[in-house]
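Data block below; observations after.
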Amino acid sequence: MDLPESSVPCADEGPAPHRLGPVDREELVRAMTQSLYSLGYRRAAAALEVESGVPLYPPEHDRLLLEVMAGRWDASAETVRSVAGVGDADRAVAEFLVWRGYYLELLGMHGDAGLRRAREVLRRRIAPLSVDRRCVHWLACAMVSGEGAVAPEAVVGWRIAVFLDLIEVLPPWFHVPSGRLEHLVESAVTKQVESCIYHNLPDEITLFEDHRCHEEHIPSQCAQILCGHSNEVWFVRFSNNGNYLASSSSDCTAIIWKVEKDDTLTKKHCLEGHQKPISFVAWSPNDRMLLTCGTGESLKLWNVDTGECNLKFRGSVDYIISSCAWFPNSEKIVCASSEPASSPNRIFTCDLEGQELEVWAGDRIPKVSDLAVTPDGRHLIFVSCYDIWIRELPKGREWRFREKQTISSVSLSGDGQSLVVNLTSQEIHLWKINESCTVPEKFKGHKQDKFVIRSCFGGSNSLFIASGSEDSQVYIWKRHVEMPIKVLHGHTMIVNCVSWNPARPHMLASASDDRTVRIWVARKMHSKYC
């Protein structure tokens, strides 16, 4: 293992350390030196040590390294005891590591002499230390089992490992942590990005100036108006690869739009065959298939390339599918259904031939209004009137979050770790998908009272939330910011649904009762109006 070396000894006496603002000068120089060594600029690092008079490592560091590598264990223990700023517990652990190193080397020696000396080290050096007694007992057992004994040919690598264990216990000033300066820079950049409410484009980060984005970085300019539907547009969703957009309407059709390289959209297929309005569509994870869910109708499966209907899902009973979602392998779907009043509600999975695989039914199954499956396939999430249910798959363990107002829809973040629900109380709540979450983040400002309004995560790393609204506008929030940071005007009637392009964070689509789908792009991007 290549250990960076200090090229100059520490001066006997030097100028007292002074601070550069809140930063200690010597600490900064040592972090810079360590970074130069790690980047391979060894001559530059050595020159910095010479010119600054600040060595990368203190004398105790180099002394301990030489003592451990030479197997001078008494001297190593004495150096450990001399290091300043070490608490009693950590000092005991450091001494234990020194004597454990020696002890296991002795066990690896051939003959009774090694065992006698190991027994003496265990009794006189290790046993008196105030450390976890289980560690001491393990070493005692190793004398019989030979477990952990260090063979003579492995001594050099073992001693390096002992030294590396020691520097983990000793104070940070003793050995500058690897990548410390890079970590500080990354933390500073991350903090600036997190505090930037308009950050959306990952390639906009530079070290040469403080990070600050403008509102032009988020979708705010209407680049295109899609007028392919003859009635209200209820749902819109980009494909997972961002190359397509699907819209569905109360005109009983769905349209697949192609996203071109210049960010314009062209009609690829108009999917006809439903006799009733299409309230929901769902892309398969591989984007080769599209499910359409008609109000009070059977579910249809479409081939994205050809625009043909491959299958109509019909069950053994006359149920009405209210929502559906795909599993990650694109070979199985899950549906929620509301059956006739005489039959219970159902949640069921089926394959692409329409064969039911699993069914959950009974009095405890609520009437589901929306559902989703996390991208890793480990959790099924469904919402009923006031409840958000999370079922762990395949174990079946489940938990729920309860809202005080009616839930109309649910949407997942790209990583599947968070969800948002729209409430009729004119709020959107964000929940973490874990049992320990007790209080959601809240977002306000849009209008929702009577109708189903759908929101979505979007932007770089799902940092934003967008939603439609009953006041004909599109609202955008930054996560952790309660009020909207941008309101998009243009639609003339209720905006029912929005979708953020997962591959092009500068693009957002909105569907409205005004029979149009609007495509919004960041103002920094080239746009083209239809």
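Structure values in brief
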{"item": "Residue match in the range 353-371 (condition: in contact with an Asp or Glu (Cβ under 9 Å, 6 or more places away or on another chain), touching a residue at least 40 places away in the same chain (Cβ under 8 Å) and not small (Gly, Ala, Ser))", "result": "no"}
{"item": "Filtered residue count, the range 477-495, keeping only those that are among the hydrophobic types (A, V, I, L, M, F, W, C) and outside any loop (DSSP other than H, G, I, E, B)", "result": "4"}
{"item": "Matching residues in the range 182-214 - criterion: being touching a residue at least 60 places away in the same chain (Cβ under 8 Å) and either of a type in the set (A, V, I, L, M) or in a helix (DSSP H, G or I) (or both)", "result": "Glu182, Leu184, Ile197, Leu201, Pro202"}
{"item": "Of the criteria (1) closer than 23 Å to Cys497 by Cα; (2) of a type outside the set (Lys, Arg); (3) modelled with pLDDT of 85 or more; (4) assigned to a loop (DSSP other than H, G, I, E, B), which one Phe382 fails", "result": "(4)"}
{"item": "Residues within the range 386-411 that are of a type outside the set (D, E, K, R), part of a loop (DSSP other than H, G, I, E, B) and modelled with pLDDT of 90 or more, tallied", "result": "3"}
{"item": "Search result, residues across the range 45-65 that are without any contact (Cβ under 8 Å) to a residue 24 or more places away in the chain and open to solvent by 50 Å² or more (accessible area, probe 1.4 Å)", "result": "Ala47, Glu51, Arg63"}
{"item": "Leading residue by the ranking (modelled with the highest pLDDT) among those in the range 179-237 that are polar (S, T, N, Q) and out of contact with any strand residue (DSSP E or B) (no Cβ under 9 Å at 6 or more places or on another chain)", "result": "Ser187"}
{"item": "Residues within the range 504-518 that are assigned to a strand (DSSP E or B) and either under 15 Å from Lys267 (Cα atoms) or modelled with pLDDT under 95 (or both), tallied", "result": "3"}
{"item": "The range 216-275, residues that are hydroxyl-bearing (Ser, Thr, Tyr) and in a strand (DSSP E or B)", "result": "Ser220, Tyr244, Ser247, Ser248, Ser249, Thr266"}
{"item": "Test for Asp165: is it exposed (fewer than 15 other Cβ atoms within 10 Å of the Cβ) and over 16 Å from Ala118 (Cα atoms)", "result": "no"}
{"item": "Count of the range 66-114 residues which are assigned to a helix (DSSP H, G or I), open to solvent by less than 40 Å² (accessible area, probe 1.4 Å) and over 15 Å from Val131 (Cβ atoms)", "result": "11"}
{"item": "Residue check for Lys300: assigned to a strand (DSSP E or B), modelled with pLDDT under 95 and open to solvent by 60 Å² or more (accessible area, probe 1.4 Å)", "result": "no"}
{"item": "Selected residue [farther than 30 Å from Glu105 by Cβ, at pLDDT below 95 and surrounded by 14 or more Cβ atoms within 10 Å (Cβ to Cβ)] from Ala31, Ala16", "result": "Ala31"}
{"item": "Top-ranked residue of the range 328-368 - restricted to ones that are open to solvent by 20 Å² or more (accessible area, probe 1.4 Å) and in contact with a Leu (Cβ under 9 Å, 6 or more places away or on another chain), ranked as modelled with the lowest pLDDT", "result": "Gly354"}
{"item": "Close pairs from the range 130-148: first on the phi < 0 side of the Ramachandran plot, partner open to solvent by 80 Å² or more (accessible area, probe 1.4 Å) and part of a helix (DSSP H, G or I), Cβ under 9 Å, at least 6 apart", "result": "Ser130/Asp88; Met143/Arg119; Glu147/Trp138; Glu147/Cys141"}
{"item": "Tally, over the range 418-443, of residues that are surrounded by fewer than 19 Cβ atoms within 10 Å (Cβ to Cβ) and in contact (Cβ under 8 Å) with a residue 24 or more places away in the chain", "result": "5"}
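Yes/no matrix, rows are residues, columns are (1) within 31 Å of the chain's Cα centre (by Cα); (2) of a type outside the set (A, V, I, L, M):
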{"site": "Leu245", "(1), (2)": "yes, no"}
{"site": "Lys258", "(1), (2)": "yes, yes"}
{"site": "Thr306", "(1), (2)": "no, yes"}
{"site": "Lys312", "(1), (2)": "no, yes"}
{"site": "Ile320", "(1), (2)": "no, no"}
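The values are calculated or read from the model by the stated rules, or taken from the named source; none is laboratory data. A quick note: this is a predicted structure, and the numbers were derived from the prediction, not measured. A quick note on method: Cβ atoms are made from the backbone with ideal geometry, for glycine too, and the neighbour counts reach across all protein chains shown. Areas reflect the complete protein model, heavy atoms only, side chains present, ligands, DNA and RNA absent. Shrake-Rupley method; radii C 1.70, N 1.55, O 1.52, S 1.80 Å.
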